[in-house]
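Down below is the structure, laid out as structure tokens.
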Amino acid sequence: MTQKVYILLSDTGTLFTKSIKKYTKAPYNHASLAFDDQLHDMYSFGRKKPNNPLKGGFVKENVLTGTYRRYPNTTCVIYELNVTDRDVIKMKRLLTIFIKNKQRFLYNILGVLGVSMNEPIEFSNSYFCSQFVAEVLHRSGIELWDKLPALVTPDDFRKCERLSLIYEGKLFDYEPIKKQLLK
């Protein structure tokens, strides 16, 4: 049987993301992995505290209360990927390790620089957002590219033919999020 997982690419418009955008020329610079189209069960590597861009690591993202809530003009694109039940089991098993050890994981800022030089810079327990999403997919047996997860950018997801576009626009205009805001 098949299921869907979701890849959210976003741009909050912060100073950090504007700097990345200037270099990459890509519309989105953050990647997250979600297990439902309402983005309740969503994970990435990013800010641990919405007002502190310097403290990063593994995060379970919450659109309504986390960093996204602080940046209501966030733009995004959401893709769905068809996977098997077994793929989801593998992904969630791997996520359990991240969740149980979340304090040990750091944001791989040097890895971001490595991508710009096409040279993977990897440390154990250290990821940047798109590296993390690519790593979870890769370790679950889902190969979307012929490159190391440490070289995958958010734009690589945007250009991936196996992903189906389901929404593009302001995050808070995405219908499942709008419904949650009205509750």
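The values are calculated or read from the model by the stated rules, or taken from the named source; none is laboratory data. Every value quoted in this text rests on a predicted model; they were computed, and no experiment measured them. Cβ: placed from backbone, ideal geometry, glycine included. Neighbour counts: every protein chain shown. With ligands, DNA and RNA removed, areas are computed over all heavy atoms of the protein, side chains included. Shrake-Rupley method; radii C 1.70, N 1.55, O 1.52, S 1.80 Å.
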Roughly speaking, what is the centre-to-centre gap between the stretch 20-36 and the stretch 98-166 when only Cα atoms are used, to the nearest Å?
11 Å
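Kindly work out what percent of the DSSP beta bridges joining two residues of the chain are antiparallel, to the nearest 5.
Values: 31 of 33 bridges.
In the chain, approximately 95 percent of DSSP beta bridges are antiparallel ones.
So if we plug the beta-carbon distance of residue 164 and residue 54 into 1/(1 + (r/R0)^6) with R0 = 35 Å, what FRET efficiency do we get, rounded to 0.05? Mind dumping the intermediate values first?
Values: r = 35 Å, r/R0 = 1.01.
Once the sixth-power term is evaluated, E becomes 0.50.
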Once neighbouring chains are kept in place and the probe is 1.4 Å, which whole percent of the accessible area of the stretch 125-183 is contributed by carbon and sulfur?
47 percent
For the stretch 9-49, list log₁₀ I(q)/I(0) at each q in 0.22, 0.32, 0.34 Å⁻¹, using the Debye formula over Cα point scatterers of equal strength and ignoring solvent, two decimals each.
-0.77, -1.09, -1.14
Which residues does a label at residue 25 reach in the stretch 77-121, if reach means a backbone N under 20 Å from a point 7 Å past the Cα toward the Cβ?
113-119
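Hull surface divided by four, with the convex hull built on the Cα atoms of the stretch 47-102: how many nm²? Don't skip to the answer; put the middle values down first.
Working: hull surface 20.3 nm².
Computing the convex hull of the Cα atoms and averaging its projections yields 5.1 nm².
For the stretch 87-183, calculate the relative contact order in percent as a whole number, restricting contacts to Cα pairs under 8 Å that are 6 or more residues apart. Before the final figure, lay out each step's value.
Working: 73 pairs, mean separation 23.9, N = 97.
Once divided by the residue count of the stretch 87-183, the mean separation gives 25 percent.
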For the stretch 99-183, the Debye formula with one identical point scatterer on each Cα and no solvent gives log10 I(q)/I(0) at q = 0.13, 0.23, 0.24, 0.25 Å⁻¹ as -0.56, -1.07, -1.10, -1.14
I'd like the per residue volume of the convex hull spanned by the Cα atoms of the chain, given in cubic angstrom.
114 Å³
Sorted largest first, the C-alpha extents of the stretch 79-134 along its principal axes in whole angstrom are 36, 27, 15
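Give the relative contact order (percent, whole number) for the chain; include only Cα pairs under 8 Å separated by 6+ residues.
Values: 324 pairs, mean separation 47.9, N = 183.
Averaging sequence separation for qualifying contacts and normalising by length gives 26 percent for the chain.
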With a 1.4 Å probe and every protein chain left in place, work out the accessible area per residue of the chain in Å², rounded to a whole number.
54 Å²
Residue 82 and residue 117 label points (each 7 Å along its Cα→Cβ direction) are spaced in nm at 4.2 nm
Under a GNM of the chain (C-alpha, springs under 10 Å), which listed residue has the highest mean-square fluctuation: 26, 150, 134?
26
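Whole number please: convex hull volume per residue, Cα atoms of the stretch 18-123, in Å³.
Working: hull volume 14.4 nm³, N = 106.
Each residue corresponds to 136 Å³ of Cα convex hull volume.
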The stretch 1-78: spread of alpha-carbon positions along the three principal axes, whole Å, largest first, is 42, 26, 21
